[in-house]
Structure formats: structure tokens, C-alpha cells
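Written out below as C-alpha cells is the structure these notes cover.
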Amino acid sequence: MRTLANNVYEVGVQDWDRRLFDELIPLPDGTSYNAYLVKGSQKTALLDTVDPAKTQILVAHLVRIGVDHLDYIISHHAEQDHSGSIPDMLLMYPDAKVVTNPKCKSMLIDHLHLEDDRFLEVEDGQTLSLGDKTLRFIYTPWVHWPETMSTWLAEDNILFSCDFFGSHQATGSLYVEDESKVLEAAKRYYGEIMMPFRSSIRGNLKKLEGLDIKMIAPSHGPVYNRPSLILEAYQDWVDEAKVANKVIVPYVSMHESTRKMVEYLVDVLMDRGVGVQQVNLTTVDLGELVIELVDAATVILGCPTVLIGAHPSAVYCAALMNALRPKTKHIGIIGSYGWGSKMVEQLTGLISNVKAEMFEPVLCKGLPKEETYSAIDQLADNILAKHKDLGIV
Ligand code: FEO
């Protein structure tokens, strides 16, 4: 039994073997589906459930603690990794009500076909007494879907935040032990699902000001018993003005010409004192790329032309950037072609959601020539100048 405070338990599941989420997101360290049990003097609440594939482990944990009656199931988020066991919980605890906001209720009915009369709707800021413990619901939309909310347990100063502040990790540690490792996993997670909604997250962070938070208990990864670690990181990640002196160069090369251009650019950027990260799109774990996109000031995409358009690996990268909308300030495209190319027009169209200034593209026919390298030198000068303007060099 894992105890956070008197009569507050973590009862979720570590999924050590899962390697992909949404058939899209790599999980190098697995993940967890955290669920919490709060036993008040009069009522008992379960905060979230687990992925449906792991329901039997949740059931075993509840049986081991001796939970023979449940009054409330708090649903912070309708996505199935947290809601998927609710139907089984409602069968196991026939008196339990699902407590959530109207938007989440509607989504739970759509996704799980729950009956309308099993719900108790709550408003933003509403409280629910369990006797000697009180739950206060705080709407925190868009972390990760529009219906997401958090719960504040006032008597124990614990914020249950669901996906908000989470990290995909399976771990035997209830609390954060290796802070840098958890921060990297949390940054990856933020980048993968929350980055496009950072203006909403700024509002959510503001709503939490004034709470004397002693612990943040998310639905993935370990519990933060030093909440400032993740609160300060999120403040940086959602701040549009905070970008790093870093150029990400995601690239793919078919016959070495684009690679030569990329390697030259990386070299001359290093000579100028600009941070740079070369990322081969054919082998990268996309999560690693997303971590870099969270705060990189500049992205230069290296792409050869296949037939007449962009290489599909670069198309995928551009589509991903367009979906995640990083706060990147400057973008450029470099690459080689054989006889003609519409690659720049295609890629530019694909990243229209990213509000960044475009550098003049550098293209060459076949192998790069002296004038190609001169153009890359100029590009590096322009990047340095822009980073100086941003005050990050
Ligand atoms: Fe962990 Fe958006 O579900």
C-alpha cells in the first residue's frame, strides 16, 4: 500500500512494458496510470481509474486495502487511460457516483456509454465533503483535452492534477527521486500533448497561485513532493518569450548532399557559439525531437527532394510541428534536389500553424558547391543575429 497522507493512498498501476501511447508516442520508460483513494470520516472517493487493460490490478489494490464501499469516483479526464476502468468500478461499487464536470460527463457517455443517472456534476470551484476531508474541483482545461480538471485536497495540501504535470514513466518510487530524469520525462510529455494549448495552461497555472501545495499527484509518473520543481518548469515552458539559444536541425538525406549541408551548418553554428542539435529523422525517437522543440529558438529543416516534393520523413516532421505549434521563433529549410523541386513550397504550407519567421531557404542542385556553403555561412550569421536580438546569446 502506498500512502501519501493519512487515509490518502495511491492505488494505480505501473505499466512497465508499454512502449507506445496513442499508437504514436514512444514510451521509453513505460508509463503509469495513477489512481488515488481518499478516505474521509464519512465518505470515500477514488480519484481516476486506470487503463482498461489493467483494471484487474486496480481491483486487486482496492481489495487489498479493504475498500468494500465507494461513494464517489472523481473523473478528471475522459481519456481511457484514466477513465477506462470506470464501468467496472460502477459494477463493483453500485452506490458510487461519477463526479465530474458537464463536458467530461458528456465525453464519458460518448466514450464509455455510462448511464446518465450515475453522475454527479460539479462546477468550477465547487467542494465535496468526505467528512474530515474536502475535495475542491478546479477546472484546468486543455491539459490535455478540453474537459480536464484537477482536485485540491485542502486538509492535506495535495493537488491531484491528472495529466497536468505528468510524466510517462513506470517507477517503483512513489515520489520523485531523480529530479533531472523526471523533468526530462515531464518535458517530453508536456511537448507531446500540451504544448499547443500553452495559453490555456498559463491560465491554469494562474488559478493555482495562492494554493499552499505540498504535493502534486499527477496521473502519470511519480508524485512531486517538491512542487516548485515542476511548477517552475511549466512556467518556463509556457512562457512565449523564454526560448533557448538552440537550433534544432531535423534532417534526412538520401545521397549525402543534404547531409553535407546539414553538417556544415551545424559546424559553423558551433563556431559562432550557437547551441545546435542535429537530429536524424530516420532513426530519432520523436519524443527526443519534441523535447528540443519545447524551447528551441530556431528550427532548420534539412530535406532532400523526392521526385518533386519533400522527403516523407521531413513531411512527417513538418506535420508534427504544425500540430504541436512550438514557440520556435525562426524556421529555415535547406536541402538538395536532382532536377527540380517544390519542396520548400510544400513544407512551408505544412507548417502554417507555427508562427515563426522564415529564413531564406538554401537549396542546391546535386552536391553542395562553394556558393552553397557561402549561403549556409550567411544563414548561420542571420541565425546568430536573430538570437542576439532575442537576448539569448
Ligand atoms: Fe493520460 Fe490524456 O490521458
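The values are calculated or read from the model by the stated rules, or taken from the named source; none is laboratory data. Owing to the predicted nature of the structure, the values given are computational and were not obtained by experimental measurement. Here Cβ is always computed from backbone atoms with ideal geometry, including for glycine, and neighbour counts include all displayed protein chains.
Okay, here's what the table says:
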| item | result |
| --- | --- |
| Qualifying residues in the range 209-227 (those that are more than 16 Å from the ligand (Cβ to nearest atom) and among the hydrophobic types (A, V, I, L, M, F, W, C)) - the one nearest to GLU10 (Cα to Cα) | MET215 |
| Top-ranked residue in the range 231-277 [being part of a strand (DSSP E or B) and touching a residue at least 40 places away in the same chain (Cβ under 8 Å); ranked as farthest from ALA297 (Cα to Cα)] | TYR251 |
| Close pairs from the range 10-36: first of a type in the set (Phe, Trp, Tyr), partner within 12 Å of the ligand (Cβ to nearest atom) and not in a loop (DSSP other than H, G, I, E, B), Cβ under 6 Å, at least 6 apart | TYR33/ASP81 |
| Residue within the range 46-59 that is in a helix (DSSP H, G or I), in contact with an Asp or Glu (Cβ under 7 Å, 6 or more places away or on another chain) and among the basic types (Lys, Arg) present | yes |
| Condition check for GLY84: away from the ligand (no atom under 16 Å from the Cβ) and small (Gly, Ala, Ser) | no |
| Odd one out for TYR93 among (1) buried (at least 17 other Cβ atoms within 10 Å of the Cβ); (2) of a type in the set (Ser, Thr, Tyr); (3) within 25 Å of the chain's Cα centre (by Cα) | (3) |
| Elements of type strands (runs of 3 or more DSSP E) in the range 113-172, at least 2 residues being β-branched (Val, Ile, Thr) | 134-139 |
| Positions within the range 338-370 being closer than 16 Å to ALA380 by Cβ and free of Cβ contacts under 8 Å to residues at least 12 places away in the same chain, in sequence order | GLU370 |
| Residue among ILE300, ILE334, ILE308 that alone is touching a strand residue (DSSP E or B) at 6+ places or on another chain (Cβ under 9 Å) and without any contact (Cβ under 8 Å) to a residue 40 or more places away in the chain | ILE308 |
| Single condition GLU147 does not satisfy, out of (1) in contact with a helix residue (DSSP H, G or I) (Cβ under 6 Å, 6 or more places away or on another chain); (2) over 15 Å from ASP48 (Cα atoms) | (2) |
| Exclusive hit being more than 14 Å from the ligand (Cβ to nearest atom), more than 28 Å from the chain's Cα centre (by Cα) and not acidic (Asp, Glu), set LEU135, LEU128 | LEU128 |
| Filter result (outside any loop (DSSP other than H, G, I, E, B) and touching a residue at least 60 places away in the same chain (Cβ under 8 Å)) within the range 208-230 | LEU208, MET215, ALA217, PRO218, VAL223, ILE230 |
| Number of positions in the range 47-75 that are within 16 Å of the ligand (Cβ to nearest atom), within 20 Å of GLN126 (Cβ to Cβ) and out of contact with any helix residue (DSSP H, G or I) (no Cβ under 7 Å at 6 or more places or on another chain) | 2 |
| Neighbours by Cβ (under 8 Å, 6+ apart or cross-chain): first from the range 78-106, outside the structural domain of ASP163 (by TED's automatic domain parsing); second crowded, with 18+ Cβ neighbours inside 10 Å and small (Gly, Ala, Ser) | none |
| Given (1) away from the ligand (no atom under 16 Å from the Cβ); (2) outside any loop (DSSP other than H, G, I, E, B), index of the condition THR283 fails | (2) |
